[in-house]
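A.B. asks: Got a structure for you, written out below as structure tokens; questions coming shortly.
Quick note: the coordinates plus some simple rules give every number you see, no bench work behind them. These figures come from a predicted structure and were not determined experimentally. For neighbour counting, all protein chains shown are included, and Cβ atoms are generated from backbone atoms with ideal geometry for every residue, glycine included.
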Amino acid sequence: MLLSNSPQAVVHHAHAEHMNLEKWFAIYVRPHFERAVEECLRGKGYDAFSPFYKTTRKRSGRTKILDSPLFPGYVFCYFNPHQRLPVLTTPGIVNVLGSGNVPEPVNLSEIRSLRTVADSGRHVQPWPFLKEGHKIRIEAGPLSGTEGTLLRLKNEFKLVVSITLLQRAMAVEIDQELVRPLF
């Protein structure tokens, strides 16, 4: 048992505070540097990701399949904002999003939903940011537990997952039967 004024307790308490300060942040990066920044941050020991999707481009009569970032110019990273110098000195990083000089964390539920959709293996695509609409949760299948906004486009239903801080979103096709409204 650690006494509250013992040196071990102070170190333990400081470590616990340090762990609680770590949050997800959106980092603005130079154009086309998403993968390089993500790999460099991971090399430094940070949890970082920038989701990509498949897109087709036609040039000179040829069709090419490309990996494109879902959120061009952004990488998400989990770190302590009070110890952000190692993050900021990563080549390709412009800044951490926030107000003035204070980084603003991304909502953890948005990060979880984004990762679940990006890792689902389903076709995803960028989508215009939506502020209004029905909030839903997927109840079964590979996207189970994911929350977002329900959208109907022609005869398809899509789940739109938004990152409020970036005012950007992505959409994935879903089965309406697997959806439950959130209140």
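A.B. asks: Please work out, to two decimal places, the log10 of the ratio I(q)/I(0) at q = 0.12, 0.14 Å⁻¹ from a Debye calculation in which every Cα of the range 81-183 carries one identical scatterer.
C.D. replies: Cα-only, vacuum Debye calculation for the range 81-183: -0.47, -0.60.
A.B. asks: Under a crude label model (7 Å from the Cα following the beta-carbon direction), how far is Ser144 from Tyr53 in nanometres?
C.D. replies: 2.5 nm
A.B. asks: Further question on the same structure: Binning at 5 angstrom from zero up to the longest distance, how are the C-alpha pair distances of the range 43-135 distributed in percent?
C.D. replies: Cα pair-distance distribution for the range 43-135, in percent: 2, 10, 17, 21, 18, 14, 10, 6, 2, 1, 0.
A.B. asks: Also, I was wondering about something else. For Ser120 and Arg35, FRET efficiency with R0 = 22 Å and r from the beta-carbon atoms, rounded to 0.05?
C.D. replies: For R0 = 22 Å, the calculated efficiency reads 0.65.
A.B. asks: Please report the Cα spread of the chain along all three principal axes, rounded to whole Å, starting with the longest.
C.D. replies: 67, 44, 29
A.B. asks: Which of these, Thr63, Thr164, Thr116, has the largest mean-square fluctuation under a Gaussian network model of the chain (Cα springs below 10 Å)?
C.D. replies: Thr63
A.B. asks: Please sort by residue number the trypsin sites (Lys or Arg not before Pro) in the range 96-183 whose DSSP state is loop and whose Cβ has at most 16 other Cβ atoms within 10 Å.
C.D. replies: Working: sites: Arg112, Arg115, Arg122, Lys131, Lys135, Arg137, Arg152, Lys154, Lys158, Arg168; in loops: Arg122, Lys131, Lys154.
Answer in residue order: Arg122, Lys131, Lys154.
A.B. asks: Taking 22 Å as R0, compute the FRET efficiency from the Cβ-Cβ separation of Val102 and Arg42 and round it to 0.05.
C.D. replies: Numbers: r = 25 Å, r/R0 = 1.15.
It comes out at approximately 0.30.
A.B. asks: While we're here: Hey, got the dipole for the chain? About the Cα centre, +1 on K and R Cβ, -1 on D and E Cβ, debye to the nearest 20? Each step should come with its number before you reach the end.
C.D. replies: Details: 23 positive and 17 negative charges, 177 e Å.
It works out to roughly 860 debye.
A.B. asks: Tell me the relative contact order for the chain as a rounded percent, counting alpha carbon contacts under 8 Å between residues six or more apart.
C.D. replies: Computed value for the chain: 20 percent relative contact order.
A.B. asks: Just to confirm the filter: which trypsin sites (Lys or Arg not before Pro) across the range 18-55 are DSSP coil and have at most 15 other Cβ within 10 angstrom of their Cβ?
C.D. replies: Those satisfying the criteria are Lys44.
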